[in-house]
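Enquirer: Okay, here's the structure, questions in a sec.
The values are calculated or read from the model by the stated rules, or taken from the named source; none is laboratory data. The model shown is predicted, which means the values in this text are computed figures rather than measured ones. No Cβ is skipped: glycine too gets one built from the backbone with ideal geometry, and neighbour counts run over all protein chains shown.
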Amino acid sequence: MLSLGNSLLAVSVHTLVIYLFLIAGLRILGRRQLAQLNEVDLLVIVVLGSAVETAMIAGDTSLPAGLVSAGTLLLANRLFTVALTRSRRLRHLVVGGPMLLIHDGHLLEEQLWRAGLSQADVLEAIRERGHAGVDEVKFAVLEMDGTINVVPMEAKTSRGKHSLRPGRRSPAHP
């Protein structure tokens, strides 16, 4: 019985380490969200799940190991969500803040690169919002949820509490 307990503890620890590793890795590699995934992104997610499965359950394919692994993931995710809600600094570190992609009709190439987006991604978002090209856009902002919001040139804008300037990220919103 002691061996089973140690085995399940190992499953829980492996699962938690992999969960944290994947959060960090996905944060570093880009800001695409589920609605913006293409076929390659989806394939990577499926392969990631397959690649880490055996390590998470420490080679133990029993029902208890699967339940402990799933329970650990659910609990870790709930605790992580609570921590993100309570800590602005952690939320900014993990989720980031809005990112300016277009400023006064000019694509900000470095920001596109940081966000893991191509010009084609941004141009598609502009067209979806009824604009013919970058020259019609005063601002395009990649929001924290992965959506791209577009402000047309003719729109009146005012300076808010969190201004966005080219090459800078705004503070995380509370």
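Enquirer: Just give me the residues in region 44-99 being part of a helix (DSSP H, G or I), among the polar types (S, T, N, Q) and loosely packed, with under 12 Cβ neighbours inside 10 Å, in sequence order.
Expert: Narrowing region 44-99 to residues part of a helix (DSSP H, G or I): 44-56, 63-86, 88-94.
Applying the additional criterion that residues be among the polar types (S, T, N, Q) yields 50, 54, 69, 72, 77, 81, 85.
Those that are part of a helix (DSSP H, G or I), among the polar types (S, T, N, Q) and loosely packed, with under 12 Cβ neighbours inside 10 Å: SER50, THR81, THR85.
Enquirer: Of the numbered conditions (1) closer than 26 Å to ASP41 by Cβ; (2) assigned to a helix (DSSP H, G or I), ILE102 satisfies every one except a single condition; which is it?
Expert: Unmet condition: (2).
Enquirer: Here's another thing I want to ask about it. For ARG31, all conditions in the list (1) at pLDDT 90 or above; (2) not in a helix (DSSP H, G or I) hold save one; what is the number of the exception?
Expert: The number of the failed condition is (1).
Enquirer: Kindly list the number of the only condition in (1) closer than 30 Å to PHE80 by Cα; (2) buried (at least 17 other Cβ atoms within 10 Å of the Cβ); (3) of a type outside the set (Lys, Arg) that fails for TRP113.
Expert: So the condition that TRP113 fails would be (2).
Enquirer: Condition first: in contact (Cβ under 8 Å) with a residue 24 or more places away in the chain and either farther than 30 Å from ALA120 by Cβ or more than 18 Å from the chain's Cα centre (by Cα) (or both). Now tell me which residues in region 36-70 satisfy that.
Expert: If we filter region 36-70 for residues that are in contact (Cβ under 8 Å) with a residue 24 or more places away in the chain, which is where we start, we get 36, 48, 52, 55-58, 60, 64-65, 68-69.
VAL52, ALA55, MET56, ILE57, ALA58, ASP60, PRO64, ALA65, VAL68, SER69 - these are the residues of region 36-70 that are in contact (Cβ under 8 Å) with a residue 24 or more places away in the chain and either farther than 30 Å from ALA120 by Cβ or more than 18 Å from the chain's Cα centre (by Cα) (or both).
Enquirer: Turning to a different aspect of this structure: Count, please, the residues in region 107-149 that happen to be part of a strand (DSSP E or B) and either closer than 18 Å to GLY96 by Cβ or touching a residue at least 40 places away in the same chain (Cβ under 8 Å) (or both). Steps first, please.
Expert: Step one: filter region 107-149 for residues part of a strand (DSSP E or B), giving 107, 137-142, 148-149.
Next, from what is left, pick out any that are either closer than 18 Å to GLY96 by Cβ or touching a residue at least 40 places away in the same chain (Cβ under 8 Å) (or both): 139-142, 148-149.
Counting residues in region 107-149 that are part of a strand (DSSP E or B) and either closer than 18 Å to GLY96 by Cβ or touching a residue at least 40 places away in the same chain (Cβ under 8 Å) (or both) gives 6.
Rundown of residues vs (1) at pLDDT below 85; (2) in the same structural domain as VAL17 (by TED's automatic domain parsing), yes/no style:
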residue: THR61; (1), (2): yes, yes
residue: THR81; (1), (2): no, yes
residue: LEU84; (1), (2): no, yes
residue: GLU128; (1), (2): no, no
